[in-house]
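Here is the structure we will look at.
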Amino acid sequence: MAGFLSIESREVIRVEVKKCDGLLQPEYKRFSLDPQITSFEILQKTLTRAFGVKSDFTISYLAQDVSGQDVYLSMLSDWDMDAAFQTASDPCLKLKLDLKPFEEGLDDWDIIAPGDVPQYRFAHFIDRNSFLSSLTGTISSHVEKTMSTMQRTLGLKTELEPQYRAAKNPMTDMEFHNYLDSSGHMVKPEEFRISIYQGGIEPALRRVVWRHLLNIFPDNLSGRERFDYMKRKEKEYYKLRDQWREEFSQGTASEEIKYVATMVKKDVLRTDRMHKFYSGADDSRNLISLFHLLVTYSLTHPEVSYCQGMSDIASPLLVIQKDEAQAYLCFCGVMNRLRSNFLIDGEAITTKFNHLGNILQIQDPVFFEYLKEHGAQDLFFCYRWFLLELKREFPFEDALYMLEVMWSTLPPDHPELELPLMDPEYCPSLLSSSPASPTFSIKQTVYAKLLSLRRHKSTISKHSSSSDDSFSHSSSLNNNNSNEQTCCANEYPKMDAPEVQELKEKLSDIDQSLEHSMSEDSSANSSADDFSSEKCNGESDIGSSMTEGHTSNTDMEDQPQFQISLEMDQEERMLEQTQRCSLHNKQISQKSVSTPSKLAGGSVETLSLQKDQKSSDSLSAANSQSMKNSLVPGSVQNTQKNTDTSQKSQDDLHISDCVEVSDDDSLDLIKAKMNTPDLPKPHEFGCGNPFLMFLCLTLLLQHREQIIHNKLDYDEISMLFDRMVRKHNVHKVLHQARLMYSDYLRTQQKLHEQEMMEEFGVSV
Amino acid sequence: MSYAYLFKYIIIGDTGVGKSCLLLQFTDKRFQPVHDLTIGVEFGARMITIDGKQIKLQIWDTAGQESFRSITRSYYRGAAGALLVYDITRRDTFNHLTTWLEDARQHSNSNMVIMLIGNKSDLEARRDVKKEEGEAFAREHGLIFMETSAKTAANVEEAFINTAKEIYQKIQDGVFDINNEANGIKIGPQHSPTNSSMPSGGGGSSQSGGCC
């Protein structure tokens, strides 16, 4: 007992930690902790942060055995930790932290065929499960205080003000697997998204999870099917890419390709170059990948072509995917939603400006009036926010978190059959400058864009090529698509000989290395493999790529099989799915909105919002369809897509709101009052991204005092926000945006219920 | 920081001609080849002295390729001076001057002073547009002309300051109505007793790296 007493009287225990990571040089850190308020869980978390550990680790402490020999004893629990405090903390507790190559390859968990894993692994990972889930427990404010004290002791940046902490820890591997069944089907898409909404994703897991968030997979694929799908789509990408690269290397590329390439090159060379991933030489591999990706997209999507801003959108995708083809798929997923931002008609951006103005007027009429007085109600200073979906408003790593939270609020939008990697009007034969080939419609896009812009053209001529099988005929160089000739080429300045000459001469680093690499890997995608295995970001745990890690069976056996821990037998699964679906259908058939509120502690509330349907006809159509398919999970969404692919009028949106770990109301929050019915419905608001509107609104409101108090004029307001580039506090912004967003959803839900009642004149 | 006048400038021209680099060289006196590509508009500011008067230049550095048309009008709104930039090593950027000029004339007030700038004069070996061509274009369209290098800083000060001198002269000549802010000129706090409390420095000057 004497020991306990002496411990309790001690205020501080000095700790020295040695981090061992394979053959790497050990790292040391020293800090002190308060034994009264430190639990084992806190200690683990502290160490995780102190060393920036991204994988599993074990902790042991230096003690003396009976013979007085130094020996490391493992520390697995609070009990062990207390023992260590009592017996081995004088004068200093020496801890050893051993990293395990635990995460390696795990980011590709979803492509591993299940079932061929020895059973003993099962128990092994159950242990891990409990270990990891203990890290995701709730955090009391007491713990928070300790954490921040310890962080300060450790000299870590205390970047989070505790009151802005998200309700949940970032999604871990273990958690992720809870949303899948044993063969890797995504079975809990709502919970999956809600979790990300609440706390984001662990960096090492982003690579896999982003693919789900960005809708690159058709619905209801198993892990194996996703793997095959990815392989196929990667090949498809490389084929598309190599079509224009071949023209390039043979010197037969049309001027238009060269023009796009020149523009993309210019921008790639100045996109996120401060980030480690892109900080290499101008012809370094990652830059070339970004270049390839963007040129391929621009050429295969002639209606959009290339526009500034696209490199900012693509950059984080490549940083996370670390593979050109995979990043391309993600980029297509993002651009499906964002391409309208880049069209010359400017409709999407205009709508967003209008919506933001509306909500600001509702939310803060005083501020809106102030802006109006200063001629700033156009809110044009928010332009970059919309175009890049706030990617540049936060520090890079924070932007990743913000992006995934925002994506999680968007209803799933799986490609019906496959993610298209090109526009239907794309035709590879147009890439060539050979005399026989027709004018490529790029001329009407890139040039049109640059020049017609300045001539106030509000529309861009769309050229629909009849060749919808364009992908299959790569050898048809002299294919004459007569309808491509109809373009008004003389409206745009001809690329005269000097210009062509000039362009040829100016093909610098990227182009050279491009041709160089072309000759290097003429056989499709070998370059992609070694590219993805490159440890670009110093994150060894993400280094192993899909292609590397899983093409051989031996590798596969070495992969930890997480989903096995979730295995239940087939019948159970069917039953569960049936229940889920019938519940789903019930919701729809009653046109009601379910609100499973768990307001016990006032901490977590789940809103389930069925978006409004435009006509009762389409509703009943979808309804009867979905009844037929009631055994297939996700059939409701599929049906909706089939009914109306262009207008997602019946999107299913399930968003949970978390009132975050925050019990103080001293936040400088303007009390959210989204109770006016004037706001557009979720699928319209912000062009289908209402959460973006609330993020933007938050940025505005967080500076309203400064603006009004200092009487800033239009120019000064613009400059203020320009200065805030990459400087906003992501946690503070997300916190406030979530609060307002949940208010909005609640109101929308009530409105929806009212509409239901009115329409049917009955209460259920 | 008090000033007699504030002039609003806008920098325009094709993408990649060095607009942001010119601005940075002028405000921070440094050349940073790797720079975020401009989306929308970015800002810079610096104080200069003309005729013994402190003049604050507030510079709007615009994107060379802007897909959202309506916003460009707001950039021109109230600009007293414009730097129209091309790259002497890329003829296409010179060829596009006419459209830029039309754009500028259409959206700005008629008194806006336009300075034509042929940038990257340090890359003489790769020159694609003769100096005489730039001069001829400027003469034809009534612009001031200079060749600059944002890299070596050659003529950068002069380009910004000469534009300011021209604007200043127009004020002296009574061409600009300085009481109309739509002309891109504001009178500094100490010159306007009516709004002496205006915290012009509150948001305006603190962001200008190295100004004043």
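Structure above, values below:
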item	result
Accessible surface, per residue, of the stretch B:25-96 when the full set of protein chains is kept, probe 1.4 Å, Å²	26
Entries in A:LYS276/A:LYS711; A:LYS188/A:LYS233; B:LYS56/B:LYS151; A:LYS233/A:LYS681; A:LYS265/B:LYS56; A:LYS168/A:LYS266 that, when Cα-Cα distance is taken, lie over 31 Å	A:LYS276/A:LYS711; A:LYS233/A:LYS681; A:LYS265/B:LYS56; A:LYS168/A:LYS266
Sites B:ASN162 and B:SER70 - FRET efficiency at Förster radius 30 Å, r taken between beta-carbons, to 0.05	0.40
11 Å beta-carbon shell around A:TRP385, net charge (K/R +1, D/E -1)	+2
Förster radius 51 Å - calculated FRET efficiency between A:GLU27 and A:GLU755, Cβ distance, rounded to 0.05	0.30
Relative contact order %, chain B, counting alpha carbon pairs below 8 Å whose residues are six or more apart	29
Virtual spin-label span in nm between B:GLN106 and A:ASP70, 7 Å along Cα→Cβ	7.8
Shape call, the stretch A:249-378: gyration tensor on alpha carbons, a/c limit 1.5	prolate
Net lengthening on full extension, A:ASP678/A:MET274 (0.36 nm per residue, minus Cα-Cα)	141.2 nm
Total accessible surface hidden between B and A, rounded to 100 Å², 1.4 Å probe	4400
More than 19 angstrom apart: percent of Cα pairs within the stretch A:185-306	62
Pairwise label distance in nanometres, B:VAL34 with A:HIS709, each label 7 Å out on the Cα-Cβ vector	3.8
Global geometry of the stretch A:333-425, whether rounded, prolate or oblate, following the gyration tensor of its Cα atoms and the 1.5 cut on a/c	prolate
For A:LEU419, net neighbour charge (Lys/Arg +1, Asp/Glu -1) across residues whose Cβ lies under 11 Å away	-1
Simple label model, 7 Å out from Cα along Cβ direction - A:ARG49 to B:GLU133, nm	6.0
Max mean-square fluctuation residue, GNM over chain B, Cα-Cα springs under 10 Å, options B:GLN106, B:GLN25, B:GLN54	B:GLN106
14 Å reach of a label modelled at A:GLU418, 7 Å along Cα-to-Cβ, counting backbone N of the stretch A:305-330	A:329
Averaged over B:67-80, number of beta-carbon atoms from partner chains that fall within 10 Å	6
Long pairs among A:LYS45/A:LYS391; B:LYS29/B:LYS165; A:LYS372/B:LYS165; A:LYS239/A:LYS352, criterion Cα-Cα beyond 25 Å	A:LYS45/A:LYS391; A:LYS372/B:LYS165; A:LYS239/A:LYS352
Chain B - percent of accessible surface contributed by carbon and sulfur, probe 1.4 Å	47
Pairwise FRET efficiency - A:GLU347 versus B:GLU124, Cβ, R0 = 45 Å, nearest 0.05	0.50
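The values are calculated or read from the model by the stated rules, or taken from the named source; none is laboratory data. For clarity, every value in this text was computed on a predicted model and none was experimentally measured. Neighbour counts are summed over all protein chains in view; Cβ atoms, including those assigned to glycine, are modelled from backbone coordinates with ideal geometry. Note: accessible area is taken over every heavy atom of the protein model, side chains too, but ligands, DNA and RNA are not part of it. Shrake-Rupley method; radii C 1.70, N 1.55, O 1.52, S 1.80 Å.
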